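See structure below.
The values are calculated or read from the model by the stated rules, or taken from the named source; none is laboratory data. These figures come from a predicted structure and were not determined experimentally. Quick reminder, even Gly has a Cβ in these numbers, built from the backbone with ideal geometry, and neighbours come from all protein chains shown.
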Amino acid sequence: MTRRAVRGWAACMMVLGSIACTRVESPPADGAGADERTGVLEAVRDRGALRCGIAQGAGFATPDDQGRWRGFDVDFCRAIAVAVLGDSNAVEFIPYTMQQRFSGLQSGEVDVLVNGTSITSSRAMGRGFHFGPVYLYDGQGFLLDRSLNVASAVELDGASVCVRQGTTTELNLTDFARRHGIQIRPVVIEDLRAAVSAVAGSRCDAITQDMAGLATTRTMLADPDRYRLLPDRISKEPIAPVLRFGDDAWLAVINWVFWATIQAEEFGLTRRNVAAALNSDNPTIRRFLGLEPGIADAFGLDARWPYRVIEAVGNYGEIFERHVGPNTALGLPRGPNRLWTNGGLLYAPPFR
């Protein structure tokens, strides 16, 4: 009997004072392969490497001169690998376009997407994906040449605006135009490089996408200072890791790995001081670092996995500042991505 079938026996009800159980065996989700049926966590361990789907872009996922992937999304992939395999290098990075990402996940080519995907009801309920915690609160905006003298997106009446294929940005743009009674002509483009060519060659007056993506696009232009980001946000874009539906254990691992980076920042634990924190007499911190009982180990993780994650990639604030923060080429402010204790939206459940 498979574990899926065993779980199905739990469908019980009271009948004439006794308990009657009916076996309910759910079939694997569409696109689920052997990894899904045996459990992604077990498959990753057997393989000895995490397969992480990313989207190449400055600040988020780019290879350096030695071919090593670096970036905001990359560090979260490495954090998962540390927690599950104890090695930040045990990751196979697979770059996707926006059109390829979901088919790559559904086919089992990757174990998780960490590539700037927004949570939407249609993706969760219509396409059957699990989403982990929001790790970047973003919103759709506009990038354009300063010479156009546009101060707000409502002034784009009659403009041509580039939108990326395979995303929700075109629908958001259409809704925005209808809401404000203006005419905007969408110009569909394939990827960031196409966007750069389009705006540099005046094929479109502006580009619209998530603000983080626009910041990346601006770094690719020959004269970044010539272009500005408008202050408008026309959508909510909660960015989260994406998983195939139906694997609760894998979802739980992903959840707690991402939350660990947030909790570490709240504790003030950094790559530099986390080793010294092993001598802390604070029971909450000791429990978080795996020095005292308290964190469930039902999935066979090393008790000190949060310590190893912070040692390898740092806390959330360090990851943000290192790759996309105000002192980087992207220059993104923390904004809503501050801790809840500092006026932001980032919040981790208790590690106990």
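Within region 264-273, is even one residue out of contact with any Cys (no Cβ under 6 Å at 6 or more places or on another chain), among the acidic types (D, E), over 19 Å from S152 (Cβ atoms) and at pLDDT 95 or above?
The answer is yes; a qualifying residue exists.
Given the conditions (1) modelled with pLDDT of 95 or more; (2) in a loop (DSSP other than H, G, I, E, B); (3) surrounded by 18 or more Cβ atoms within 10 Å (Cβ to Cβ), which single one is not true for L105?
Every listed condition holds for L105 apart from (2).
Applying the selection to region 123-156, what residues are among the hydroxyl-bearing types (S, T, Y), under 28 Å from R338 (Cα atoms) and out of contact with any Leu (no Cβ under 8 Å at 6 or more places or on another chain)?
Y135
Could you say which residue among G141, G132 is within 30 Å of D225 (Cβ to Cβ), buried (at least 22 other Cβ atoms within 10 Å of the Cβ) and of a type outside the set (D, E, K, R)?
Result: G141 is the single residue among G141, G132 that is within 30 Å of D225 (Cβ to Cβ), buried (at least 22 other Cβ atoms within 10 Å of the Cβ) and of a type outside the set (D, E, K, R).
Mind listing whichever residues of region 76-102 are outside any loop (DSSP other than H, G, I, E, B) and among the acidic types (D, E)?
E92
Considering only residues of region 83-102 that are within 17 Å of the chain's Cα centre (by Cα) and of a type in the set (D, E, K, R), which is surrounded by the fewest Cβ atoms within 10 Å (Cβ to Cβ)?
Ranking the candidates gives E92 first.
Only one residue in R244, R228, R308 is in contact with a Lys or Arg (Cβ under 6 Å, 6 or more places away or on another chain), touching a residue at least 60 places away in the same chain (Cβ under 8 Å) and surrounded by 15 or more Cβ atoms within 10 Å (Cβ to Cβ), so which one is that?
Going through R244, R228, R308 in turn, just one is in contact with a Lys or Arg (Cβ under 6 Å, 6 or more places away or on another chain), touching a residue at least 60 places away in the same chain (Cβ under 8 Å) and surrounded by 15 or more Cβ atoms within 10 Å (Cβ to Cβ): R228.
Just to be sure I understand the filter: pairs with C-beta atoms under 9 Å, separated by 6 or more residues or on different chains, first member in region 87-114 and on the phi > 0 side of the Ramachandran plot, second member in a helix (DSSP H, G or I) and of a type in the set (G, A, S). Which pairs pass?
Hits for this filter: G108/A34; G108/A43.
With the condition kept exactly as written, say whether any residue in region 257-270 is outside any loop (DSSP other than H, G, I, E, B), among the charged types (D, E, K, R) and touching a Ser or Thr at 6+ places or on another chain (Cβ under 8 Å).
Taking every residue of region 257-270 in turn, at least one turns out to be outside any loop (DSSP other than H, G, I, E, B), among the charged types (D, E, K, R) and touching a Ser or Thr at 6+ places or on another chain (Cβ under 8 Å).
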